[in-house]
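Remarks on the structure that follows.
The values are calculated or read from the model by the stated rules, or taken from the named source; none is laboratory data. This structure is a prediction, so every number in the text was calculated from the model and none was measured. Because the Cβ atoms are built from the backbone with ideal geometry, glycine has one as well, and the counts that use them run over all protein chains shown.
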Amino acid sequence: MITPEGMQKLRDEHDHLWRVERPDITAKVSWAASLGDRSENADYHYNKKRLREIDSRIRYLSKCIDNLKVVDYHPNQEGKVMFGAWVEIKNEAKGLQKRFRIVGYEELIGNKDYISMDSPMAKSLLNKTVGDEVVVNTKMGDFVWKILKIAYQK
């Protein structure tokens, strides 16, 4: 599962790699190969390695784009913590307050304020409403959090 914004980021990355980076690196590999002896040609070896990395990432992104299910906002979600929600919570005992978005695994990279829908926190919060208190079971113990706010990007 992935949010519409997350899917767009995957598509944008795929498009950039395919249309910009790959042609540029391919040209560099061709140029380096034209210089002759490839055994000691650092440009050739570096760019060939980079081309393999790009191709691998493109294949991975293509599979993700084809296989992930985009979960759009639906008015029935309003007032409940569900996939794609921005949630603000508070732990009274520790004096902590957090705000994060519940998303799929593919959206976590580079987003410090996103958590996986498979995390103990997200699992404890799902289907709860503002004002509810939830107990989150972790390896470090049980923590009680109160839901302060739920919002969705529309």
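Assorted remarks:
- The condition (being under 16 Å from LEU10 (Cβ atoms), under 24 Å from the mean Cα position of the chain (by Cα) and exposed (fewer than 15 other Cβ atoms within 10 Å of the Cβ)) is satisfied by just one residue among GLY84, GLY110: GLY110.
- Residue ranges of strands (runs of 3 or more DSSP E) in the stretch 14-116 with at least 1 members small (Gly, Ala, Ser): 114-116
- Any chance ILE25 is farther than 23 Å from ILE102 by Cα and either within 23 Å of the chain's Cα centre (by Cα) or not acidic (Asp, Glu) (or both): yes
- When GLU53, GLU88, GLU21, GLU13 are checked against the criterion of being under 30 Å from ASP142 (Cβ atoms) and either modelled with pLDDT under 95 or not basic (Lys, Arg) (or both), GLU88 stands alone in meeting it.
- Test result for LYS28, crowded, with 16+ Cβ neighbours inside 10 Å and either closer than 25 Å to LYS63 by Cβ or outside the structural domain of VAL103 (by TED's automatic domain parsing) (or both): yes
- Residue within the stretch 130-150 that is within 25 Å of GLN8 (Cβ to Cβ), in contact with a Gly (Cβ under 7 Å, 6 or more places away or on another chain) and surrounded by 11 or more Cβ atoms within 10 Å (Cβ to Cβ) present: yes
- Residue, surrounded by the most Cβ atoms within 10 Å (Cβ to Cβ), within the stretch 6-25, restricted to residues that are in contact (Cβ under 8 Å) with a residue 60 or more places away in the chain and not charged (D, E, K, R): GLY6
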